[in-house]
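> Pasting in a structure now, in structure tokens, and then I'll have a few things to ask.
Bear in mind these aren't lab numbers, they're just calculated from the coordinates by the rules spelled out. Model, not experiment: these values are computed from the prediction. Ideal geometry is used to build each Cβ from the backbone, glycine not excepted, and the neighbour counts take in all protein chains shown.
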Amino acid sequence: MIHVFDDYYIDADEYQYILKQDMHRKDKKNNDVYKAISYHKTIYNALWNLRDKTHREITSGNDIELAEALRMISDADSEMTDIMKKAIPESEW
């Protein structure tokens, strides 16, 4: 499983990549519990979905001005771009 940032991880099985969120609790066997957020054909799609999810979280339930929302989204985009640049050659995204 790949740690992306904060509580978000990307896992995979033989068919897909799975974007997961750490729920900060243990199951009966004392294993960490993760919530599957979405399923993807490529790791790049999983990362872009996480980017979009971050955008929705910024605007959902917040009463903020457009300028502030755009600044927060831009900051989130910069963070995701930095993560992707460290992990993936730019020619592949």
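> Divide by every residue of the chain the summed helix terms, -39500 (n - 2.57) for each DSSP H run of at least 4, and state the resulting mean residue ellipticity at 222 nm, rounded to the nearest 500 deg cm²/dmol.
-14500 deg cm²/dmol
> Over the chain, what is the relative contact order in percent, taking alpha-carbon pairs closer than 8 angstrom and at least six residues apart?
In percent, rounded to a whole number, it is 17.
> Straight-line reach only, C-alpha to C-alpha below 19 angstrom: list the lysines that Lys35 could link to, leaving out same-chain residues fewer than 8 apart.
Within reach: Lys20, Lys26, Lys53.
> Report the rotationally averaged projected area of the chain based on its alpha-carbon convex hull, in square nanometres.
Orientation-averaged projected area of the Cα hull: 7.4 nm².
> Report the trypsin sites (Lys or Arg not before Pro) located in the range 20-93 that are in a DSSP loop and have at most 10 other Cβ atoms inside 10 Å of their Cβ, or state none.
Those that pass, being in a loop and sparsely packed, are Lys28, Lys29, Lys41.
> Specify the residue with the greatest mean-square fluctuation among His55, His40, His24, computed from a Gaussian network of the chain linking alpha-carbon atoms under 10 Å apart.
Between His55, His40, His24, it is His24 that shows the largest mean-square fluctuation.
> Ok, one more. Which is the longest part of the chain that has none of the GluC sites (Glu not before Pro) sitting in a DSSP loop with at most 13 other Cβ atoms within 10 Å?
That would be 15-64.
> Each label point is 7 Å from the Cα along the Cα-to-Cβ direction; what then is the distance between the points at Asp22 and Asp6, in nm?
1.3 nm
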